[in-house]
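Structure first, commentary second.
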Amino acid sequence: MGSQAYEKGNSMSLVGDSSMPQTGGSSLAASPATRPPVNRAKRALRHVFNTLGYALARKDRERFDCPSLPLPSAEMVERAAGYFANTFPISPECGLSEAEIGKRLKDYFWHYPFQFGDFNVEADELHFRGLQGRHYKRYFHIFPALLSLTGGSLSSQTVLEIGCNAGFWTLQARRAGASSVLGLDISAKNVEQASFIRDLIGMDGIEYRVTNAQELSRDAVGEFDVTFFLGVLYHLDKPIEALARLYDVTKRWAVVDTTLARSDVPDGVPILKVEEDEVHEQNVSNRIALVPSKSAVPLLLKHVGFREVFWIQNASKNLPLDYLTGARMTFIAVK
């Protein structure tokens, strides 16, 4: 029998479930006209296993079926290094005294570390600390690969970041040459913080707005050459709806960086794992999240309309542990 049973769990398989409601456009399952006939015995066996809380997966889904991008060249890595900054001089146009700046800096929770003039602002969470720590390493994982697709810069490109937090990635996009950048976040405090940083360092060409990713639309914000969807997907209880909205506002490339659901099923079996999501001042979220597995991410992105999906290889061992272990990955979807 070309199937195998796997352990119980609170994961939802995206494959072979004829009870899943189908939507318009591309489908997560084959259409009735093209779906091969199912042996009655296999159907009955699948029903028994589903009743017991197990799932069946075809053996041909043991492999992860998503191409990787080529490793970026030394030139792209060098270009990315030239654009990067998390240390900035304070703009004389900010209109604030040192005492006022110091007071404002204490008003916020810091997810990303920065240096503003003589003010060293460390990340509040221990594992995010260091100007060359986690987020610095993430930048060199993501940006060289992206620049390899965009010709070495973001010159003349419009960029949108969904879930911008303090604006770290919007600043990098603008420094890489983006003609205009829009950062969105559901938290008004995060948007206030990002706007404060932008004005403090005198960075033009960036706008921030309070917006829920689940309410995003092209009519509301427009369409962008590059969209960033970093650290958002695994917090959502309606990931397909959110990715459909991401597709709607993306003109060319969408960069999706996400924690992945781990399970005993093979890499080729796509699942959405139900998890309780932690809610705090930096994670204004639902309390339930559907966390995608490695294979679910490209499947979902293609389902909402993206033509091609690639994943970014780990180019070095100087990466956060969750990237090295495969617990987190970055994908680039092409419209």
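Test residue 190 against the criterion of being surrounded by fewer than 16 Cβ atoms within 10 Å (Cβ to Cβ), under 15 Å from residue 164 (Cβ atoms) and touching a residue at least 24 places away in the same chain (Cβ under 8 Å), and give yes or no.
No, not satisfied.
Going residue by residue through the stretch 277-296, is there one that turns out to be in the same structural domain as residue 228 (by TED's automatic domain parsing), closer than 28 Å to residue 190 by Cα and within 13 Å of the chain's Cα centre (by Cα)?
Start the filter on the stretch 277-296 by keeping residues that are in the same structural domain as residue 228 (by TED's automatic domain parsing), which leaves 277-296.
Checking which are closer than 28 Å to residue 190 by Cα leaves us with 277-292.
Those left that are additionally within 13 Å of the chain's Cα centre (by Cα): 291-292.
There is at least one residue in the stretch 277-296 that is in the same structural domain as residue 228 (by TED's automatic domain parsing), closer than 28 Å to residue 190 by Cα and within 13 Å of the chain's Cα centre (by Cα).
Quick check on residue 257: is it without any contact (Cβ under 8 Å) to a residue 60 or more places away in the chain, of a type in the set (Asp, Glu) and either under 29 Å from residue 147 (Cβ atoms) or not assigned by TED's automatic domain parsing to the domain that holds residue 321 (or both)?
In short, no.
I'm trying to understand the selection: among the residues of the stretch 96-106, which are free of Cβ contacts under 8 Å to residues at least 40 places away in the same chain and either under 31 Å from the mean Cα position of the chain (by Cα) or assigned by TED's automatic domain parsing to the domain that holds residue 136 (or both)?
Of everything in the stretch 96-106, those that are free of Cβ contacts under 8 Å to residues at least 40 places away in the same chain and either under 31 Å from the mean Cα position of the chain (by Cα) or assigned by TED's automatic domain parsing to the domain that holds residue 136 (or both) turn out to be 105, 106.
Among the numbered conditions (1) touching a residue at least 12 places away in the same chain (Cβ under 8 Å); (2) out of contact with any Ser or Thr (no Cβ under 7 Å at 6 or more places or on another chain); (3) not polar (S, T, N, Q), tell me where residue 151 comes up short.
(1)
Tell me yes or no: at least one residue of the stretch 317-335 is under 11 Å from the mean Cα position of the chain (by Cα), under 17 Å from residue 142 (Cβ atoms) and either assigned to a loop (DSSP other than H, G, I, E, B) or of a type in the set (S, T, N, Q) (or both).
Yes, that holds for at least one residue.
Determine which single condition residue 177 fails, assuming it passes every other condition in (1) surrounded by fewer than 21 Cβ atoms within 10 Å (Cβ to Cβ); (2) at pLDDT below 95; (3) not hydroxyl-bearing (Ser, Thr, Tyr).
(2)
Is there a residue in the stretch 258-266 that is surrounded by 20 or more Cβ atoms within 10 Å (Cβ to Cβ), of a type outside the set (Val, Ile, Thr) and touching a Phe, Trp or Tyr at 6+ places or on another chain (Cβ under 6 Å)?
Looking through the stretch 258-266, none of the residues is surrounded by 20 or more Cβ atoms within 10 Å (Cβ to Cβ), of a type outside the set (Val, Ile, Thr) and touching a Phe, Trp or Tyr at 6+ places or on another chain (Cβ under 6 Å).
Given the conditions (1) out of contact with any strand residue (DSSP E or B) (no Cβ under 7 Å at 6 or more places or on another chain); (2) surrounded by fewer than 22 Cβ atoms within 10 Å (Cβ to Cβ), which single one is not true for residue 242?
Against the list (1) out of contact with any strand residue (DSSP E or B) (no Cβ under 7 Å at 6 or more places or on another chain); (2) surrounded by fewer than 22 Cβ atoms within 10 Å (Cβ to Cβ), residue 242 comes up short only on (2).
Is at least one residue of the stretch 239-261 modelled with pLDDT under 95, hydrophobic (A, V, I, L, M, F, W, C) and more than 20 Å from residue 332 (Cβ to Cβ)?
yes
The values are calculated or read from the model by the stated rules, or taken from the named source; none is laboratory data. Keep in mind that what you see is a predicted model, and the values were worked out from it rather than measured. Cβ: placed from backbone, ideal geometry, glycine included. Neighbour counts: every protein chain shown.
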